[in-house]
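Accompanying notes for the structure given below.
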Amino acid sequence: MLIRFGFEIMVDCPAPVPMLLALSTHTEFNGRLIGSDYVRSTSMTPISSYVDRYGNRISRAVADTGRTTFWSDCVAEVSGAPDHVPSFAIQHRIEDLPSDTLTFLTASRYCDSDSLGNFAWANFGNTQEGWPRVQAICNFVHNHVTFGYKFGRPDKTARDVLEEKSGVCRDFAHLSVSLCRAMNIPARYASGYLGDIGVPDSGFDDFCAWFEVFLGGSWHTVDARYNVPRIGRILMVRGSDASDVAMITSFGAYQLSSFRVWTTLLEDGTSDQDIHAMFASLPAPRPGGPDFGLAVPGAVHLF
């Protein structure tokens, strides 16, 4: 299965603004890339990159005074299989967990699991350990939280999501991660591209957040917002929560004037020659989508 994916983001700055951009595929993305998946811009300032402690590829750039456009356009070949459901994956005792999973058991900036322990044990303490417990948490979050872009805000914690019963993709993930950690299940935040493949067309494309749990000796993808296995995920970033993987971290004020994402399933038989011809121009904008206008410095999370 071939998926064309990319983004175009326009920012307006009153003065040059250094930025960190978490907008590339993860170093562990399991798929073949056709083309170049790196952040490009209309600015004359070179863009460099580094890999952070979670394996995320972060780009460093300086947005010029005035308008700067950041963009990327690539094709990924993925299996086309839906998310794996590890129905019989066991939950490990804490003393048996690998050391590198332990950091995903503790509270973080947005995943305040330390304040949700009593709620988690009261509601999920009688569920079967392992995957059934994770699924019970997913079912709860999916049914408890109403999705809407108007419900998103940059300071919203998992407890806020639980109490307000609303949020965006990242809020579904934060609450799920927090409840899993409160039940001693290592859980981490993830996000990337997720197009409308095998489901009704939503009318526009966007980035999406989900989460991963460590059960049965490996990490597994879980999505509380949709709560069904999905096809065609393209992993960009992982971390303890969204604070580790902000799409844009700026060191100065700017206005986000335009934001669009594309994830397009290509027809079977599309050749590499046809694909490279596509890269001569970016896909045409699709109508609809959320309003992402922002004018504040700092970390910006839009999923």
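A short reminder: the numbers here are calculations on the coordinates, not readings from a lab. What you are looking at is a predicted structure, and each value in this text was computed from that prediction instead of being measured. Here the Cβ positions follow ideal geometry from the backbone for every residue, glycine too, while neighbour counts run over all protein chains shown.
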Helix 131-144 axis, angle to the chain major axis (alpha carbon atoms, nearest 10°): 60 degrees
Let me check the size of the chain from its C-alpha atoms; what are the radius of gyration and Dmax in Å? 19.3, 59
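Can you tell me the order of 92-101, 48-57, 235-244 when each peptide is scored by its average per-residue count of other Cβ atoms within 10 angstrom, highest first? Walk me through the numbers before you get to the answer.
Values: 92-101: 11.3, 48-57: 14.5, 235-244: 22.8.
The peptides rank, most packed first, as 235-244, 48-57, 92-101.
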Which of V245, V17, V134 moves most in a GNM of the chain, Cα contacts under 10 Å? V17
Per-residue HN-Hα couplings for segment 223-232, Karplus 6.51 cos²θ - 1.76 cosθ + 1.60 at θ = phi - 60°, whole Hz, x for Gly and Pro? 9, 6, 5, 8, 6, 9, x, 10, 10, x
Using θ = phi - 60° and the Karplus form 6.51 cos²θ - 1.76 cosθ + 1.60, what ³J(HN,Hα) does each residue of segment 59-67 get, whole Hz, x for Gly and Pro? 9, 10, 8, 10, 6, 6, 4, x, 9
Taking the chain as the reference, fit the longest principal axis to its C-alpha atoms, fit the long axis of helix 169-182 to the helix C-alpha atoms, and give the angle between the two in degrees, 0 to 90, nearest 10. 30 degrees
Could you please rank H174, H276, placing first whichever residue has the fewest other Cβ atoms within 10 Å of its Cβ? H276, H174
